[in-house]
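The values are calculated or read from the model by the stated rules, or taken from the named source; none is laboratory data. What you see is a predicted model, and the numbers here were worked out from it, not measured in a lab. Every residue, glycine as well, gets a Cβ built from its backbone with ideal geometry; the counts of neighbours run over all protein chains shown.
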């Protein structure tokens, strides 16, 4: 491979990271806008239920000009902020919610298979040029799955089910972990984490509003 090829690869890698960062910011912005719109609709409905002769246009005017305090909009904006904090503070617990799992380290590995897993992650971390070894989790389940998550390289984690780990050779395990670590390197994990958790939290909030109004 020529020097130009290496430079092109490095440029493509940085461009992909920047692209994923822009997408993440866009998702967060859209998420906030949707929450504000939902809160604003709630304000309009409540205002019209309180003043039955009030038209939608007049209700919107009153709210947008702060003739009436838009409590619903402000509450939803607060919920959006709390949701973002929860997403980035408790993402690992949320991603592993409903599963039986344990973290694997060089010291806590219980058998050769778990030691091999951690060693492979260490090797692939070096090969991927990452500065931090992601936390490693094993999910006690028979189905086959593996994923990476986190909002930064420092906070990243990888998880694999027992069912998949038991079926893979060392070389195959390296391939799976290399794939997951590539998501960390390219910043995919922050984007997918944001989309998955915020969309689910939004659905929960909308369901609550639907059944309480």
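List of remarks:
- Close Cβ contacts (under 6 Å, 6 or more residues apart or on different chains) running from residues in the stretch 78-95 that are without any contact (Cβ under 8 Å) to a residue 60 or more places away in the chain to residues that are in a helix (DSSP H, G or I) and crowded, with 16+ Cβ neighbours inside 10 Å comprise 80/32; 80/35.
To keep it simple, each residue is scored yes or no on (1) surrounded by 12 or more Cβ atoms within 10 Å (Cβ to Cβ); (2) modelled with pLDDT under 95; (3) farther than 19 Å from residue 175 by Cβ; (4) not assigned by TED's automatic domain parsing to the domain that holds residue 14.
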| residue | (1), (2), (3), (4) |
| --- | --- |
| 85 | no, yes, yes, no |
| 99 | yes, yes, yes, yes |
| 117 | yes, no, no, yes |
| 121 | yes, no, no, yes |
| 138 | yes, no, no, yes |
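- Among the residues of the stretch 87-105, those identified as farther than 10 Å from residue 136 by Cα and in contact with a helix residue (DSSP H, G or I) (Cβ under 9 Å, 6 or more places away or on another chain) are 87, 88, 91, 94, 95.
- Any hit, the stretch 182-198, residues being exposed (fewer than 13 other Cβ atoms within 10 Å of the Cβ), touching a helix residue (DSSP H, G or I) at 6+ places or on another chain (Cβ under 9 Å) and under 21 Å from residue 97 (Cα atoms): no
- Index of the failed condition, residue 181 passing every other in (1) under 23 Å from the mean Cα position of the chain (by Cα); (2) at pLDDT below 80: (2)
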